[in-house]
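Undergrad: Sharing a structure here in structure tokens format.
The values are calculated or read from the model by the stated rules, or taken from the named source; none is laboratory data. Nothing here was measured: the structure is a model prediction, and the numbers come from that model. Cβ sites come from the backbone with ideal geometry, for glycine too, and all protein chains shown count toward neighbours. Each accessible area value is taken on the protein alone, full model and side chains, heavy atoms only, with ligands, DNA and RNA left out. Shrake-Rupley method; radii C 1.70, N 1.55, O 1.52, S 1.80 Å.
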Amino acid sequence: MTTPLSDHIDAMLHEDRVIAPSEAFAAQARVTREDYDRLYRQSIDDPQTFWADVAGELEWMTPWTQVLEWQEPHAQWFVGAQTNIAHNALDRNVARGLGDKRAIVWEGEDGEVRTYTYAELLAEVKKAANALSGLGVQAGDRVTLYLPMIPEAAIAMLACARIGAAHSVVFGGFSVSALSDRINDAQSTVLITADGGLRRGNLVPLKANADEAARTTPGLQHIVVVNRGGSNPPMQEGRDVWWHDLLAGAGEEHDAVPVDSEHPLFILYTSGSTGKPKGVLHTTGGYMVGTYLTTRTVFDLRDDDVYWCTADVGWVTGHSYIVYGPLLNGATVLMYEGAPNQPDWGRFWDIVQKHRVTILYTAPTAIRAIMRQGDAYPNAYDLSSLRLLGSVGEPINPEAWMWYYRVIGGERCPVVDTWWQTETGSIMLTTLPGAYPSKPGSAGLPMFGVDAAIMTREGQELGPNDGGLLVIKKPWPSMLRTVYGDDARYRKSYWGEIPHVYFAGDGARRDAEGYYTVMGRVDDVLNVSGHRLGTMEIESALVAHPSVAEAAVVGRPDDVKGECVVAFITPQGGHTVDPAALRAHVSKEIGALARPDAIIVAEALPKTRSGKIMRRFLRQIAAGRAIEGDTSTLEDPSVLDRLAATEAV
Ligand code: 6R9
């Protein structure tokens, strides 16, 4: 926990532009400034009434007896109530007349388009629910999903929710060992995957990875395979079954299983500051209410919107803002399978034009990558359907914000920068469009029910413009409930760092008007292209290679990825280091996203006399900066000069 606040801080502190929403937008906004002020106050002063009102818009099979039961650090929301989130997302919307409305419009990387209405999606989910039950999956069980961005990913998630099984979605870019670890940690008996997913014209071999992972997952009994690529992978008799065969044989009738409000909905693994990823556990009722409300208000959602979130369902943004939040609201969700530059960097704008997308929610890394290619790509398309833009995953630098606003939004669309985390389940900080003006680079104001503050490590609350640690002082409905199988880690990581508050792990400051600017992680977690990676995970992968004795991984600011991975290693005696082999090894251990951009091979790493590696100095060296700070605690300060003089490979 020694990382200084990120280098973005300077640029952001000097940013003072304020962009007000257009009068046209403000006039029709779902939440006006007065609404926000009043509702925010109520949500903090009288959360029970505020949340009961929101929850009342959804269907519950049994009502709650109490809105919140808080025994720090454990919350129960809508105590005693029973509901089902898939029922609320599908049956409820069909019942209120949305059966023929498009729920999912999917575009494959190869240009294929498939559409599901709410009635069609419900029918598929019912069959999938019956199919999973047929494989012996019961309420309370876990099912692992390792899928590309295809409609079956959403169908499988909703089918799990419908029968009360928790899904654990593993991002398709993760490696065999990452998949196997997650299957074992969740003790899943069923894995749903595909033969492959299309990425830059290639079929990512998901089934082959699943087969390899299954060698080290003794509890796994079934692998269900969606035929995405027509590639005919080997199928193991008795264990593997095609998704389409399974669904063809499944019954069409299915009533959603009422589950307790606190029944587990999903586990999603995310990197922390220690080696092993944390299985963040979310439960049903509070998560449902949180994603429902935030999708509606943050995106100012309307009946005729075509809403596109470019995230992958393997990340929390895909869970909350591709699947649950938008479908609970009866929205039309666009889902895209592939890469943003396939066949070229105009792909996003081609999709916006073709499907008349009205709301676009993407990540700063994508914006910066596209921005680099020049304005010609977006300018070649008709983007006039867009009315709202969103950003998520990492701090957005003011330049990228302005470009997004100007070139993509035509200075017509508000940009909502949304800060939240896997753990928070739904958006926590943002400037509601139409209610308040945006300040580029600053996420903005707290969402309803979010009692945020900036504190010192000692728990002292800081005033305007002081940089410190972002904390949340009160429980909120969509908060994580625990770390799956490791409640001690939950208590320690989130409620044990600073007494009696939720510690987000981010550095931030708040200005005099209450706008929060989030600077980045203050722990040993990197944010590479909006994806969280633990430096210790990468270090363990590196030292597992025979040629590596010691490894220290740090982040380096990167114009496109936000941050990239720099690895300092010392070789194992008698071995020479092959950088290509090391990168391939990290890819195999974790996934391509964790591959070091630069590897610096050294004779020694900077260590204190007690043997602790001083990453602070490594970060300075990685960024090409002069060494700052007290080097006298180092065992051998001359190591720093030698490292700075070493070329990366
Ligand atoms: C939703 C998501 C969470 C971490 C978080 C922070 C960073 C996300 C941000 C942002 C600044 C924003 N982060 N959104 N930083 N401004 N708008 O990304 O979840 O993958 O768990 O990452 O991402 O550092 O702590 P997750």
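Undergrad: Taking the solvent-accessible surface of protein heavy atoms with a 1.4 Å probe, what is the per residue accessible area of the chain in Å²? Each step should come with its number before you reach the end.
TA: Details: 23360 Å² over 649 residues.
Accessible surface, normalised per residue, equals 36 Å².
Undergrad: Can you list residues from other chains, or at least 5 along the same chain, whose modelled amide H is less than 5 Å from the amide H of Ala331?
TA: none
Undergrad: So, one more: Quote the relative contact order of region 529-645 in percent (integer), defining contacts as alpha-carbon pairs under 8 Å separated by 6+ residues.
TA: Values: 182 pairs, mean separation 26.4, N = 117.
Rounded, it is 23 percent for region 529-645.
Undergrad: For region 334-400, what does the convex hull of the Cα positions come to per residue, in cubic angstrom?
TA: Numbers: hull volume 6.2 nm³, N = 67.
Per residue, the Cα convex hull of region 334-400 comes to 93 Å³.
Undergrad: Between their Cα atoms, which of Lys101/Lys561; Lys492/Lys612; Lys278/Lys474; Lys276/Lys492; Lys127/Lys276 are more than 26 Å away from each other? The partial results should precede the final answer.
TA: Details: Lys101/Lys561 37 Å; Lys492/Lys612 22 Å; Lys278/Lys474 22 Å; Lys276/Lys492 15 Å; Lys127/Lys276 36 Å.
Checking Cα-Cα distances, Lys101/Lys561; Lys127/Lys276 exceed 26 Å.
Undergrad: So for the chain, averaging the separation of alpha carbon pairs under 8 Å that are six or more residues apart and normalising by length, what relative contact order in percent results? Let's see the in-between values first.
TA: Numbers: 1468 pairs, mean separation 93.3, N = 649.
Relative contact order, the chain: 14 percent.
Undergrad: What do you get for Rg/Rh over region 289-373 if you use C-alpha atoms and the Kirkwood form of Rh?
TA: 0.97
Undergrad: Calculate what fraction, in whole %, of the accessible area of the chain sits on carbon and sulfur atoms when a 1.4 Å probe is rolled over the protein chains.
TA: 49 percent
Undergrad: Which aspartates and glutamates have a Cα less than 12 Å from the Cα of Lys588, not counting those fewer than 8 places away in the same chain?
TA: Of all the aspartates and glutamates, those that pass the test against Lys588 - Cα under 12 Å, at least 8 places apart if same chain - are Glu212.
Undergrad: For Val528, list long-range residues whose amide hydrogen, built 1.01 Å from N in the peptide plane, is under 5 Å from its own amide hydrogen.
TA: Leu533
Undergrad: Relative contact order for region 444-567: what is it in percent, counting Cα pairs under 8 Å that are at least 6 residues apart?
TA: Relative contact order for region 444-567 comes out at 19 percent.
Undergrad: So which GluC sites (Glu not before Pro) in region 452-510 pass both tests, a DSSP loop state and at most 10 other Cβ atoms within 10 Å of the Cβ?
TA: On the way: sites: Glu458, Glu461, Glu497; in loops: Glu458, Glu497.
The qualifying sites are Glu458.
Undergrad: State, to one decimal in nm, how far the label point of Glu72 lies from the label point of Asp45, with both points 7 Å from Cα in the Cβ direction.
TA: Simple spin-label model gives 2.4 nm for this pair.
Undergrad: List, in order, the whole-Hz ³J(HN,Hα) value for each residue of region 547-554 obtained from phi through the Karplus relation with A = 6.51, B = -1.76, C = 1.60 and θ = phi - 60°; use x for Gly and Pro.
TA: 7, 10, 8, 9, 9, 9, 10, 9
Undergrad: Using 0.36 nm per residue of separation minus the Cα-Cα distance, give me the extension gain between Ala27 and Ala544 in nm, one decimal. All intermediate terms of the calculation are to be shown ahead of the outcome.
TA: On the way: separation 517, 0.36 × 517 = 186.12 nm, distance 5.89 nm.
Length gained, Ala27 through Ala544: 180.2 nm.
Undergrad: Treating each Cα of region 126-217 as an identical point scatterer and ignoring solvent, apply the Debye formula and state log10 I(q)/I(0) at q = 0.18, 0.19, 0.22 Å⁻¹.
TA: So the normalised log intensities work out to -0.75, -0.83, -1.07.
Undergrad: When we measure straight from the Cα of Lys354, which aspartates and glutamates land under 12 angstrom away, once same-chain ones fewer than 8 places off are left out?
TA: Once the sequence-local aspartates and glutamates are set aside, what remains near Lys354 is Glu107, Asp382.
Undergrad: In region 245-314, what GluC sites (Glu not before Pro) fall in a loop by DSSP, with at most 12 other Cβ atoms inside 10 Å?
TA: Numbers: sites: Glu252, Glu253, Glu262; in loops: Glu252, Glu253, Glu262.
Loop-located and lightly packed - Glu252, Glu253.
Undergrad: I'd like the projected area of region 529-645, averaged over all directions, using the convex hull of its alpha carbons. Report it in nm² with one decimal.
TA: On the way: hull surface 29.2 nm².
If I average the Cα hull's projected area over directions, I get 7.3 nm².
Undergrad: Quantify how much of the Cα-Cα distance distribution of region 376-427 extends past 12 Å, in percent.
TA: Working: 881 of 1326 pairs.
When every Cα pair of region 376-427 is considered, 66 percent fall beyond 12 Å.
Undergrad: Same structure, new question: Could you give the semi-axes, largest first, of the ellipsoid that matches the chain, computed as the square roots of 5 times the alpha carbon gyration tensor eigenvalues and rounded to whole Å? Please report the intermediate quantities before stating the final value.
TA: Numbers: eigenvalues 260, 190, 127 Å².
They are 36, 31, 25 Å, listed largest first.
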